[in-house]
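Right, one structure below, let's go through it.
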There are 2 protein chains.
Amino acid sequence: MELQKETKLHGRWYDDACGTAFGLEVLGERWTMLVVRELMLGPRRFSGLRASLPGISAKVLTERLGTLEEAGVLTRRTLEEPAQVQVYELTEWGYAAEPVMQELGRWAAMSSGHDPMLPLSPVSLMLSLRTMFDRRKVEGLDFVIGFDIGGETFIATLGDGALPVVRGKAEAPTATIRAPNATVLAALFYAGVPVAELEREMGLVIEGDRAAAMRFADIFELPEKLA
Amino acid sequence: MELQKETKLHGRWYDDACGTAFGLEVLGERWTMLVVRELMLGPRRFSGLRASLPGISAKVLTERLGTLEEAGVLTRRTLEEPAQVQVYELTEWGYAAEPVMQELGRWAAMSSGHDPMLPLSPVSLMLSLRTMFDRRKVEGLDFVIGFDIGGETFIATLGDGALPVVRGKAEAPTATIRAPNATVLAALFYAGVPVAELEREMGLVIEGDRAAAMRFADIFELPEKLA
DNA sequence: CAGAATCCCATTCGATACTG
DNA sequence: CAGTATCGAATGGGATTCTG
């Protein structure tokens with residue numbers, strides 16, 4: 001029998017007071033930050049997380065969820081009746097990690113090595129909208145855009161130069177954008193592929209105020225390449 | 001003979017268009033981000049890096065430097081005569097990673113699990129000053145503070161609500177702060193240990209305008225704890 | 001000093017199978 | 001569905017040695 005393993009985040013890698021180093025102790029292991037990313041728009045179930053992180057094994061996901069819970073980044077919760085399912089949800093501190101991921105994503109997008117046409121989870125697309133929208137282009141715009149990405153629904157509310165995104169079905173959206181997967185939307189927002197082509201060949205569907213949806217699609221801008 | 005290993009960052013972990021995921025491909029391996037941190041205030045030599053990263057082995061440091069060079073984060077350069085020594089220097093893109101580390105550090109400091117009294121490298125202390133200074137407290141202040149931390153020298157210039165930090169010896173600083181190691185300065189700036197005590201017992205030395213140095217020491221604030 | 005090369009052990013990972 | 005258990009393979013990393 002072991003002598004009670006001390007509370008630890010995977011074993012104290014660095015011995016360093018630097019905040020960056022401590023952040024890496026918590027989020028720096030392989031897959032960890034992507035698990036947090038998938039939880040950033042609300043609670044998820046084990047299988048949903050697994051489906052959104054192609055390549056992660058059940059074992060590693062279990063381990064990461066356990067470590068993140070110990071560290072205080074997320075909590076495990078059982079939904080009330082009649083659902084009775086267990087979900088993982090970020091703590092307040094966990095949600096506070098969004099700017100970290102935004103900065104990392106923004107920095108990475110400055111590299112020509114970044115390929116925006118790889119597969120993409122719905123959550124990571126929706127989060128990228130918050131990172132990449134151009135504040136100068138949204139002056140006076142006031143839209144509610146509903147999203148349905150392969151069955152996962154989100155609401156993006158554009159107004160006051162902000163762009164909050166939440167899960168759910170919009171009541172009376174300005175427009176609704178449906179796509180079978182997030183990559184189609186990446187093509188629309190970032191690669192500038194024409195809407196007509198995506199509608200014809202990739203299963204994109206736009207409902208409601210079409211002109212508003214097109215303006216919305218135009219407010220996103222990848223950062224200038226430095227490398 | 002191997003068939004020419006393709007250009008790769010340690011083997012493409014994730015298959016994900018998300019910028020955060022690509023950022024992790026570049027910076028997410030153990031030690032990598034701390035190597036970048038140590039280069040953030042200018043070129044360093046192999047032995048200096050090693051000394052600033054207690055626990056890293058020559059092998060790992062060599063590997064990380066190689067991978068970062070391939071990725072375009074840093075370059076290897078030989079200093080002109082008569083120095084003739086090789087140094088590692090961040091590229092423009094590499095320097096652009098500072099906000100990533102700042103956000104990560106700021107986030108980590110919100111946890112009560114963060115221990116600011118662990119050992120600390122001079123560079124990481126100087127970088128933390130840029131992250132943690134309180135803009136509201138520096139209105140109208142206009143100081144040049146020279147630092148000598150165990151022989152490494154830096155100049156911090158406070159003015160216009162900004163706090164650039166560079167390596168070097170200040171010409172005519174408002175004050176100079178000397179300490180045998182960075183932990184003493186962490187005690188001064190973040191733990192609020194009295195100056196007199198640090199001077200008496202920890203080898204802290206303040207030269208020049210003592211009042212200015214004390215005001216300077218008071219502008220740093222750790223973020224509110226969320227966990 | 002600045003690494004490259006070798007050796008070897010410990011850890012980690014992914015795949016598969018299993019369970020309540 | 002939500003994990004656990006197990007196992008073999010790959011990787012990681014420390015220690016040591018060698019070289020210009």
Selected residue (criterion: farthest from the other protein chains (Cβ to nearest Cβ)) from residues of the stretch A:45-62 that are closer than 16 Å to A:ILE149 by Cα and not hydrophobic (A, V, I, L, M, F, W, C): A:GLY48
Which residue is farthest from A:GLY192 (Cα to Cα), if the candidates are limited to the stretch A:92-115 and must be within 15 Å of the chain's Cα centre (by Cα) and more than 7 Å from chain B (Cβ to nearest Cβ)? A:GLY94
Restricted to the stretch A:36-69, and to residues that are over 25 Å from A:PHE154 (Cα atoms) and surrounded by 14 or more Cβ atoms within 10 Å (Cβ to Cβ), which residue is farthest from DNA strand C (Cβ to nearest atom)? A:GLU69
Being within 12 Å of DNA strand D (Cβ to nearest atom) and in a loop (DSSP other than H, G, I, E, B) is the filter; apply it to the stretch B:11-35 and report the residue that is surrounded by the fewest Cβ atoms within 10 Å (Cβ to Cβ). B:GLY11
Scan of the stretch A:19-44 for residues that are acidic (Asp, Glu) and closer than 18 Å to A:GLY151 by Cβ, ordered by number: A:GLU38
What is the number of the single condition among (1) within 11 Å of DNA strand D (Cβ to nearest atom); (2) closer than 15 Å to A:TRP31 by Cα; (3) in contact (Cβ under 8 Å) with a residue 40 or more places away in the chain that A:ALA58 does not meet? (3)
Looking only at the stretch A:84-103, which residues are closer than 17 Å to A:PRO223 by Cα and either small (Gly, Ala, Ser) or in contact (Cβ under 8 Å) with a residue 24 or more places away in the chain (or both)? A:VAL100, A:MET101, A:GLN102
Kindly check whether there is at least one residue in the stretch A:74-87 that is of a type outside the set (Lys, Arg) and touching a Pro at 6+ places or on another chain (Cβ under 7 Å). yes
Among the candidates B:LEU185, B:LEU158, which residue alone is over 21 Å from A:PHE22 (Cα atoms), surrounded by 19 or more Cβ atoms within 10 Å (Cβ to Cβ) and touching a strand residue (DSSP E or B) at 6+ places or on another chain (Cβ under 6 Å)? B:LEU158
If we scan the stretch B:179-188, do we find a residue that is away from chain A (no Cβ under 14 Å) and either of a type in the set (Val, Ile, Thr) or farther than 25 Å from B:GLY42 by Cα (or both)? no
Test A:GLY42 against the stated conditions and say whether it is more than 13 Å from DNA strand D (Cβ to nearest atom) and more than 8 Å from chain B (Cβ to nearest Cβ). yes
Listed residues A:LEU118, A:LEU127, A:LEU68; which is under 13 Å from the mean Cα position of the chain (by Cα), aliphatic (A, V, I, L, M), within 14 Å of another protein chain (Cβ to nearest Cβ) and not in a strand (DSSP E or B)? A:LEU127
First in the stretch B:36-53 and of a type in the set (Phe, Trp, Tyr), second anywhere and part of a helix (DSSP H, G or I) and surrounded by 15 or more Cβ atoms within 10 Å (Cβ to Cβ), Cβ under 8 Å, 6 or more apart: B:PHE46/B:LEU61; B:PHE46/B:LEU65
Please determine whether any residue of the stretch A:116-126 is touching a residue at least 24 places away in the same chain (Cβ under 8 Å) and more than 25 Å from A:LEU49 (Cα to Cα). no
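Any read-out appearing in this document is the output of simple, stated calculations on the displayed coordinates, not a laboratory observation. Keep in mind it's a predicted model, so treat the numbers as computed, not measured. Counting neighbours? That spans all protein chains shown, and the Cβs are built from the backbone with ideal geometry, glycine included.
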